[in-house]
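The values are calculated or read from the model by the stated rules, or taken from the named source; none is laboratory data. Keep in mind that this is a model prediction, so the values were computed, not measured. Because the Cβ atoms are built from the backbone with ideal geometry, glycine has one as well, and the counts that use them run over all protein chains shown. Accessible surface is based on the protein model in full, side chains and every heavy atom, while ligands, DNA and RNA are left aside. Shrake-Rupley method; radii C 1.70, N 1.55, O 1.52, S 1.80 Å.
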Amino acid sequence: MKVIGVNHLARVEGNGGILATLDGKVVSDVKFTINEGPRLIEKLVLGRTPEEDASMSPRICAICTCSHKNAVLRALENAMDVKITRKAYLLRELMHMGEFIESHSLHTFYLALPDFLGFPNAIAMASEYEFEVKIALEMKHFGNHIMKITNGRYIHGENAVVGGFGKWPTKEELLFIKDRAMQFMPFVFKTVDLFCGIDYPQVPVSDTIYACCEPGNGEFGFWGDEILLSTGETYFQDDSQKVTNEFVVSHSYAKHSRYNGKPYTVGALARIVNLGERLKGEAGEMYAKYFNEGWKSNPFYHNPSRALEILYAFEKIPGLVDEFLELEDPSSKINYTSKDGKGTGLVEAPRGLLIHHHEVTDGQVSYADIVTPTAQNADDIERYGQLAAQKLLDEGKSEDEISRHLDILVRAFDPCISCSAHMAEVRNAPEGDWKNRLKEVRAAGPPVFVGIGNPLLGDDGAGIALAEALRDKGIDDVWLESEIEANDGLPGEGNRPLILLDAVDLNEDAGKVTLLPLNIVLENSSLSHKILPVVSEILGPTQMQNAFLLGIQAESLETGPELSSAVRRALETVVTHLTN
C-alpha cells in the first residue's frame, strides 16, 4: 500500500491536507484533513450579550471576517426581530463587496494562477507577469480599503453592529471608492478573459449538487433568506440543517456535510451554476461568452467563476455608493430592545455558503451554531480527489504527478481552514491493509453483510460463497442479494455499517482482497455492474455514509460453479479474520 499526499498544502488559508492511499492499482481511500484545532467560538459566545456575540463570532476567521460579521448580524437581528435601515443594508453590501474583491483577487492571481502558468508561486511568476502581479496586489489592497472604510478595520472591524453601524463613512470616502472601482474596470475585464481562457485539467469530471443563497427577486447576490440547490429545491434559512446534515469524521477537526446522503459543493462555482443566468451588465455578457455545461462537472472552474464575481463586485460598487448617498442621513444605528428568539443568517462568503444560527434567552446568547463553506465542501473534495487519483493512476501517472494534481485540485476549492485546512500525500497501503480498515469499520458497530454475485460464473460467486461461509461460522446479519430483494430492505438499525461482499476486477493478482467506500465504488462504472441496482433499492442516505465493498479479485468468470484456488484461499482468509 502506498500513500500519496501533500503534507503541506501550499497557497491555501490554514493548515490541512489531502491523503490518498494506493492499494495496488486501486485508490482505496482519500482523506481531506483539517489539522487546525477548533476555534470553540460556538461555546465562547454562550452567556454573552448579542452585542458581544456579534464581536466575537467573526474572530473565527480573519480571512472571511466580514462574511462572518454579516452572517452573525443577520442571525441575531432575525432572532430579536431587529429591522435595519436601507442605508445600513447598502453599506453592509458594500463591505461585503470589499471582502470578495480582496479574497478573490488574492486567490485567483496569487494562489491559483501559478498552477496553470507553470510557476511554483506568485513571486516566481512576477518574473514574466510583473504587471498582473502588481495590479492584482492593488486590487487586493482596494478590497481591504473598502472593508476599512465601512467596518473600521479590514480585519475584525467593529463598525458594523447589531441594528446598523457605529458611524457612516464620509461622502468623500465613498466617492473615492466609487471612482477607484471604475478605474479598475479595464484590468477587471482582462482578469475575466485570462481566467476564463485557461485550458483547465479535465480530471476529475463528475456531476455534483451545488448549493448557495437564493438572493430573491431573480437577482444575483451574496445573501438571502433561502438556500437554493442546483436540483431546483429551496430551503428556508431556519431549515438549513436539512441541507447540511453535519456529521463527525475521525480524520479531521472539521465536520462533513451531505445532502440526501450525497456530497455537495458550495462556493463561486455553485453561485455561477445556480445564479449565473441572472448576471447583468458586463458580468452578464462575460458569463454568456464563457460559461458552458462543462463548468458544471469540473471543480477547476471555481477559478473562472471567481473572476466573474470580481467583475460583478466592481460593477456593483458605483450603484451601491450612489444609492447610499441619495438616501437621507438617519441615525447609523436603530434603537432596539433585546428579546428572546432564534435566528439564522445566510450569506455567501467568498468560499461559499456560510450559515450562522444564534439563539437569545433573557438577554444572553444561549445557543450558537456555525456551518462554514470548507466544512460543507470537505466531502466533495474527498470524492473528487478519489476520482482524480484513480483516473491518473489508471493512466500510469507517477506518484509525484498524482500528488501535484491533488494539491491543485484542493486549491481550486480555496479552502479556508482557519474556520473549519494545507497538504497532499499519496501512500502505498501495506500488505493486508484491508484488515486494518475492516477493524475500523467494525469499531463503529457490528456490520450487516450482503453477499452479491452469480455462483454459476466461477469467481463471480465469491460474494455469495463468502456470505454463506460467514453464516456457517455463526456471524449474525449475513444476507444474500436474493434475500434482500425478496424482503424489500435491510434489517437492523440504519446507522450500522453495511459491507457488500463481491468479486471485483481491478487488474490485480487473483485473490487480492480490497475494502473500498461504497460511494467511490458507485462512481466507477467498472465496479458497479450489479451493485448499483441493489444499492439504489436498499440504501438510504445514512447507510450510504457507512457502507463499503469488500471485494476479492477474480481470476476467472467462466461458466461453472467452482471458485479458483486463489479466490478460495482469499475467502478462507477473510472468514478466519472475521471469526477470530
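Some observations on this one:
- Residue list for the range 431-468, filter: over 38 Å from the mean Cα position of the chain (by Cα), buried (at least 20 other Cβ atoms within 10 Å of the Cβ) and on the phi < 0 side of the Ramachandran plot: Asp459, Gly461, Ala465
- One residue alone among Lys178, Lys242, Lys167 is more than 30 Å from Ile18 (Cβ to Cβ), loosely packed, with under 15 Cβ neighbours inside 10 Å and basic (Lys, Arg), and that residue is Lys167.
- Pair list, Cβ under 7 Å, 6 or more apart: the range 156-174 residue farther than 14 Å from Asp53 by Cβ, other residue aromatic (Phe, Trp, Tyr): Asn159/Phe165; Leu174/Phe324
- If you go through the range 325-350 and keep only what is open to solvent by less than 10 Å² (accessible area, probe 1.4 Å) and not small (Gly, Ala, Ser), you end up with Thr344, Leu346, Val347, Glu348, Pro350.
- Some residue of the range 204-220 being aliphatic (A, V, I, L, M), at negative phi, more than 21 Å from the chain's Cα centre (by Cα) and surrounded by fewer than 21 Cβ atoms within 10 Å (Cβ to Cβ): no
- Only strands (runs of 3 or more DSSP E) whose full extent lies in the range 338-383 are considered here, and none of them has at least 1 residues that are more than 21 Å from Glu77 (Cβ to Cβ), in contact with a strand residue (DSSP E or B) (Cβ under 6 Å, 6 or more places away or on another chain) and of a type in the set (Val, Ile, Thr).
- Residues that are in a loop (DSSP other than H, G, I, E, B) and farther than 12 Å from Ile499 by Cα, drawn from the range 446-459: Gly453, Asn454, Pro455, Leu456
- Residues of the range 258-272 that are farther than 15 Å from Trp223 by Cα and open to solvent by less than 30 Å² (accessible area, probe 1.4 Å): Arg258, Tyr259, Gly261, Pro263, Tyr264, Thr265, Leu269.
- Residues of the range 133-155 satisfying the condition of being modelled with pLDDT under 95, under 12 Å from Thr65 (Cβ atoms) and not basic (Lys, Arg): Tyr154, Ile155
- Index of the failed condition, Ile198 passing every other in (1) modelled with pLDDT of 95 or more; (2) buried (at least 21 other Cβ atoms within 10 Å of the Cβ): (2)
- Conditions (1) touching a Leu at 6+ places or on another chain (Cβ under 8 Å); (2) at pLDDT 95 or above; (3) more than 23 Å from Thr244 (Cα to Cα): number failed by Glu401: (2)
- Some residue of the range 300-323 being closer than 21 Å to Asp380 by Cβ and in a loop (DSSP other than H, G, I, E, B): no
- Pick from the range 65-91, criterion under 17 Å from Glu326 (Cβ atoms) and not aromatic (Phe, Trp, Tyr), ranking: most open to solvent (accessible area, probe 1.4 Å): Arg86
- Per-region count, the range 456-487, residues in contact with a helix residue (DSSP H, G or I) (Cβ under 8 Å, 6 or more places away or on another chain) and at pLDDT below 85: 3
- Residue satisfying all of: in the range 2-45; assigned to a helix (DSSP H, G or I) and among the aliphatic types (A, V, I, L, M); modelled with the lowest pLDDT among these: Ile41
- Glu128 vs. criteria at pLDDT 95 or above, out of contact with any Lys or Arg (no Cβ under 9 Å at 6 or more places or on another chain) and at negative phi: no
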